[in-house]
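A.B. asks: Can you read through this structure? Questions will come right after.
The values are calculated or read from the model by the stated rules, or taken from the named source; none is laboratory data. All values reported here derive from a predicted model rather than from experimental measurement. In this analysis, Cβ positions are derived from the backbone assuming ideal geometry, glycine residues included, and neighbour counts consider all displayed protein chains.
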Amino acid sequence: MMGTRKASLTVPDPRPSVVEQGSVARVLGARCSSCGYPSAFAVPRCPACRAVVCPEAFGPGGTVWSVTTIRIPVPGRTPPYSLAYIDLDDGPRVLAHVSGGGSVEIGGRVQLVGPGADGDIEVESTE
Amino acid sequence: MTAFVYGVGSSRYAKQPHLSAGDLVAEAVLEAFGDAAVDTVDAVWVGTVFGATGVAQRALHRIGVTDVPVITVENACASGTTALHEARAAVLTGRYERVLVVGVETMTAEFDGAIHPEQTDAEGRQGLAFPGLYALAAARYLHEGYATPEQLAQVAVKNHRHGLGNPRAQYGGEITVEEVLGSRPIADPLTLLQCCPISDAAAAAILGPERGQARDVAIRASAMRSGGLWDHRSESVWGFDLVRETALQAFAEAGVGPEDVDVFEVHDAFTIGEIVTTEALGLAEVGGGGALVASGATTIGGATPVNPSGGLLARGHPLGCTGVAQAAEIVWQLRGEAGGRQVVDARLGVVETMGGGVSGIDGNACVVAVLGG
């Protein structure tokens, strides 16, 4: 028989790391030394061409690729909350929360905020 | 060499938490055995996502399916069709002669609503529930002018109407575009009636080499792929490229094109999914899927009926079961046994299933199979 499962999930945090550099927030990821592919994560090698990668910070600016507002209960979350795919300038596409109940539009300009207290990537409109 | 479907079966698709996975599997498998007019198999492939460890063996030994290899696979929503794809390959290579395919999922005992985002996934951990993933595609489509909210709603209207003709379906009814758009918001722009329900169900199919029986249905082709990177370079919405590539592979193997197909069962977990999928299958250009459903072409009686069973939206979406349920529907359609939802003179059918949940790629897996002809 299987053992008893732990009551709470204690898995490593899979989200990209957001750090404050100077007065701006950036996503700590990696860029391929060969093809230039940007990743939002500290990937072991380039996901696109398998070459060596170097650490790189992306952001704070980006453009909204799409956005939705989640209105259903999700464990550990209080709806409604908005999630957007952001194409960071010269960087990867990341999923981010829209900060502070604000709104953003597809094609609109945003910047990273944070790091948020709970570890989410957050953005706000700069328009 | 061609693999054939000898027989299919299924439980009802419903919220029926009083039935165990074993009850549901027994109902589906015994119907499939009777339909195939056989009593034994040489191996079993099982598709399930949240099934308990040993879910298939726990069910099968009670109906005398023992002592043969049982192989359980998980490929998110494409788990059932992955089992079908692998079982067909086993028949084609001669690894096993007669193979049972089972899809099973019991969801309502586990979830109150949408399945919980996977906490080991970067986007799941950020709270991206499945309706949100599809909503991001829908929002992009609306922004690009590729579809209208009314066209999205028409997918739900059509598939709920189709569900009326399917006595096994979870839902069926005459609903209006206004009712769909006015139903409870789930993840903008998707509303409740644009989202599939969770379900408890099992479905089964028995495969083997040609045996010269008229009711057997040929699996003419089957392709399965997992997604490429979906990232800042991706112009297409999530999943489109994976479905398109898988479909091209399946159509090439079958030697036919989408224009030759009489009936489709596709992955409409959310309304936008059917629109994007019909485009990826080649039934319409990108941006033409909304107009396609609005034209009536994908309604039973139209030129290319899609989801006559009611699809995931109305038949229900018991994750790992769904792919086998889709295949069973196509078998019934091609035999002329689909009753009040029969597509007239259906000779060639396509099943398409899409599984997701891993962020960073275009999909966990997609299967496209071509049956009949």
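A.B. asks: When you scan the range B:115-144, how many residues do you find that are more than 7 Å from chain A (Cβ to nearest Cβ), surrounded by 22 or more Cβ atoms within 10 Å (Cβ to Cβ) and touching a Pro at 6+ places or on another chain (Cβ under 7 Å)?
C.D. replies: Of the residues in the range B:115-144, 2 are more than 7 Å from chain A (Cβ to nearest Cβ), surrounded by 22 or more Cβ atoms within 10 Å (Cβ to Cβ) and touching a Pro at 6+ places or on another chain (Cβ under 7 Å).
A.B. asks: For the range B:8-46, enumerate the residues that are surrounded by fewer than 22 Cβ atoms within 10 Å (Cβ to Cβ), within 11 Å of B:Ala202 (Cα to Cα) and of a type in the set (S, T, N, Q).
C.D. replies: The one that is surrounded by fewer than 22 Cβ atoms within 10 Å (Cβ to Cβ), within 11 Å of B:Ala202 (Cα to Cα) and of a type in the set (S, T, N, Q): B:Ser20.
A.B. asks: Restricting the range A:82-119 to residues that are more than 15 Å from the chain's Cα centre (by Cα) and facing chain B (nearest Cβ under 8 Å), which is surrounded by the most Cβ atoms within 10 Å (Cβ to Cβ)?
C.D. replies: First, pick out the residues of the range A:82-119 that are more than 15 Å from the chain's Cα centre (by Cα): A:100-109.
Retained after the next criterion (residues that are facing chain B (nearest Cβ under 8 Å)): A:106-107.
Details: A:Ile106: 17, A:Gly107: 10.
If we take residues in the range A:82-119 being more than 15 Å from the chain's Cα centre (by Cα) and facing chain B (nearest Cβ under 8 Å), then A:Ile106 is surrounded by the most Cβ atoms within 10 Å (Cβ to Cβ).
A.B. asks: Anything in the range B:264-314 that is farther than 16 Å from B:Ala169 by Cβ and either of a type in the set (Phe, Trp, Tyr) or in a strand (DSSP E or B) (or both)? List them, or say none.
C.D. replies: Residues satisfying the conditions are B:Phe264, B:Phe270.
A.B. asks: Here is a list: B:Leu92, B:Leu84. Which entry is under 20 Å from the mean Cα position of the chain (by Cα) and away from chain A (no Cβ under 14 Å)? Give the derivation first.
C.D. replies: Numbers: B:Leu92 fails: under 20 Å from the mean Cα position of the chain (by Cα).
Being under 20 Å from the mean Cα position of the chain (by Cα) and away from chain A (no Cβ under 14 Å) holds for just one of B:Leu92, B:Leu84, which is B:Leu84.
A.B. asks: Kindly evaluate B:Ala52 against the criterion of being in a loop (DSSP other than H, G, I, E, B), in contact (Cβ under 8 Å) with a residue 24 or more places away in the chain, within 18 Å of B:Leu319 (Cα to Cα) and of a type in the set (A, V, I, L, M). Before you say what the answer is, go through the steps one by one.
C.D. replies: Values: in a loop (DSSP other than H, G, I, E, B): yes; in contact (Cβ under 8 Å) with a residue 24 or more places away in the chain: yes; within 18 Å of B:Leu319 (Cα to Cα): yes; of a type in the set (A, V, I, L, M): yes.
Here the answer is yes, as B:Ala52 does meet what is asked.
A.B. asks: Surrounded by fewer than 24 Cβ atoms within 10 Å (Cβ to Cβ) and more than 24 Å from B:His143 (Cβ to Cβ): which single residue out of B:Gly336, B:Gly288, B:Gly310, B:Gly320 fits that description?
C.D. replies: Numbers: B:Gly288 fails: more than 24 Å from B:His143 (Cβ to Cβ); B:Gly310 fails: surrounded by fewer than 24 Cβ atoms within 10 Å (Cβ to Cβ); B:Gly320 fails: surrounded by fewer than 24 Cβ atoms within 10 Å (Cβ to Cβ).
So the residue among B:Gly336, B:Gly288, B:Gly310, B:Gly320 that is surrounded by fewer than 24 Cβ atoms within 10 Å (Cβ to Cβ) and more than 24 Å from B:His143 (Cβ to Cβ) is B:Gly336.
A.B. asks: Looking at B:Gln154 and the list (1) more than 14 Å from every other protein chain (Cβ to nearest Cβ); (2) outside any helix (DSSP H, G or I); (3) more than 18 Å from the chain's Cα centre (by Cα), which single condition is not satisfied?
C.D. replies: Just one mismatch for B:Gln154, condition (2).
A.B. asks: Check B:Arg168 against each of (1) in a loop (DSSP other than H, G, I, E, B); (2) in contact (Cβ under 8 Å) with a residue 12 or more places away in the chain; (3) not assigned by TED's automatic domain parsing to the domain that holds B:Gly339 and name the one condition it does not meet.
C.D. replies: (3)
A.B. asks: Which condition number in (1) out of contact with any Cys (no Cβ under 9 Å at 6 or more places or on another chain); (2) in a helix (DSSP H, G or I); (3) more than 23 Å from A:Val11 (Cβ to Cβ) is the one that B:Gly80 fails?
C.D. replies: So B:Gly80 meets the others, but not (1).
A.B. asks: Do we find a residue being out of contact with any Cys (no Cβ under 7 Å at 6 or more places or on another chain), over 16 Å from B:Gly80 (Cα atoms) and surrounded by fewer than 20 Cβ atoms within 10 Å (Cβ to Cβ) anywhere in the range B:266-285?
C.D. replies: Yes, because at least one residue in the range B:266-285 is out of contact with any Cys (no Cβ under 7 Å at 6 or more places or on another chain), over 16 Å from B:Gly80 (Cα atoms) and surrounded by fewer than 20 Cβ atoms within 10 Å (Cβ to Cβ).
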